[in-house]
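Peer 1: Got a structure for you, written out below as structure tokens; questions coming shortly.
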Amino acid sequence: MRYILLIAIFGCCASSSYAQPKGASGKVKVLKIGIFTEELGLTEAEASKFWPLYNSYEDKIHSINKKMYTKGRIDWESKTDKEIEVLMERRFKLQEDKLKIEREYYKKFKAVLPIKKVAKIPVAQRKFKMTVFRKSKEGRRKRRGQ
């Protein structure tokens, strides 16, 4: 556990985007570093190469996701067939862009990590999301006094 904590702290210092985590956002970042380090079994040397790449990957995917998911619901009934077709084609294009980024970073991750660790990245991502979801749910329950 100490090893994981040391890697997590090192990861925070290694990347400028993690330089000074503050508040809840900082706690989430430290949690992510810990989960990924444990799931992937990152060494200190691997972590120093992996995190800048992963941060860049995550920024690009986040940018596409923002474009893909509009705020609020689309009232499909009020749209013409042509408008719906344009929206669907736009979504397919964004999904293709996302896949291109995933393929690009797969190659970059392979350059700095063994393939078995690269293959575990989606597992670590799911575990992190589920952990954040669970902790968020627990926090809501505590605030409600349940």
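Matching residues to (1) at pLDDT 90 or above; (2) out of contact with any helix residue (DSSP H, G or I) (no Cβ under 7 Å at 6 or more places or on another chain); (3) not charged (D, E, K, R):
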{"site": "CYS13", "(1), (2), (3)": "no, yes, yes"}
{"site": "LYS22", "(1), (2), (3)": "no, yes, no"}
{"site": "GLY26", "(1), (2), (3)": "no, yes, yes"}
{"site": "GLU44", "(1), (2), (3)": "yes, no, no"}
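Peer 1: On to the next question. Quick check: is even one residue across the range 80-96 part of a helix (DSSP H, G or I), of a type in the set (D, E, K, R) and under 23 Å from LEU40 (Cα atoms)? Give the steps one after another, and end with the answer.
Peer 2: Of the range 80-96, the ones part of a helix (DSSP H, G or I) are 81-96.
Filter once more, keeping what is of a type in the set (D, E, K, R): 81-83, 85, 89-91, 93, 96.
Restricting the remaining residues to those that are under 23 Å from LEU40 (Cα atoms) gives none.
Within the range 80-96, none of the residues are part of a helix (DSSP H, G or I), of a type in the set (D, E, K, R) and under 23 Å from LEU40 (Cα atoms).
Peer 1: Kindly evaluate PHE128 against the criterion of being surrounded by 14 or more Cβ atoms within 10 Å (Cβ to Cβ) and within 13 Å of the chain's Cα centre (by Cα). Can you show your working first?
Peer 2: Details: surrounded by 14 or more Cβ atoms within 10 Å (Cβ to Cβ): yes; within 13 Å of the chain's Cα centre (by Cα): yes.
Yes; evaluated as a whole, the condition is true for this residue.
Peer 1: In the range 104-119, how many residues are closer than 14 Å to PHE36 by Cβ and among the β-branched types (Val, Ile, Thr)?
Peer 2: 2
Peer 1: Just one of the numbered conditions (1) under 20 Å from MET68 (Cβ atoms); (2) surrounded by 12 or more Cβ atoms within 10 Å (Cβ to Cβ); (3) more than 16 Å from the chain's Cα centre (by Cα) is not true of LEU113; which one?
Peer 2: Condition (1) is where LEU113 drops out.
Peer 1: Can you go through ARG140, ARG126 and tell me which one is more than 19 Å from LYS49 (Cβ to Cβ) and at pLDDT 95 or above?
Peer 2: On the way: ARG140 fails: at pLDDT 95 or above.
Sole residue among the options that is more than 19 Å from LYS49 (Cβ to Cβ) and at pLDDT 95 or above: ARG126.
Peer 1: Let me ask another. Take the conditions of a type in the set (A, V, I, L, M, F, W, C), surrounded by 11 or more Cβ atoms within 10 Å (Cβ to Cβ), farther than 13 Å from LEU42 by Cα and modelled with pLDDT of 95 or more and apply them to ILE101. Does it pass? Before the answer, list the steps.
Peer 2: Values: of a type in the set (A, V, I, L, M, F, W, C): yes; surrounded by 11 or more Cβ atoms within 10 Å (Cβ to Cβ): yes; farther than 13 Å from LEU42 by Cα: yes; modelled with pLDDT of 95 or more: yes.
Yes, satisfied.
Peer 1: Output the residue which, of all residues in the range 40-69 that are among the acidic types (Asp, Glu) and either under 12 Å from ILE121 (Cβ atoms) or in contact (Cβ under 8 Å) with a residue 40 or more places away in the chain (or both), is surrounded by the fewest Cβ atoms within 10 Å (Cβ to Cβ).
Peer 2: Quick first cut of the range 40-69, residues among the acidic types (Asp, Glu) only: 44, 46, 58-59.
With either under 12 Å from ILE121 (Cβ atoms) or in contact (Cβ under 8 Å) with a residue 40 or more places away in the chain (or both) added as a condition, the list becomes 46, 58.
Values: GLU46: 17, GLU58: 14.
That would be GLU58.
The values are calculated or read from the model by the stated rules, or taken from the named source; none is laboratory data. Just so it is clear, the model here is predicted, and its values are computed rather than measured. Reconstructed Cβ throughout: ideal geometry from the backbone, glycine too, with neighbour counts over all protein chains shown.
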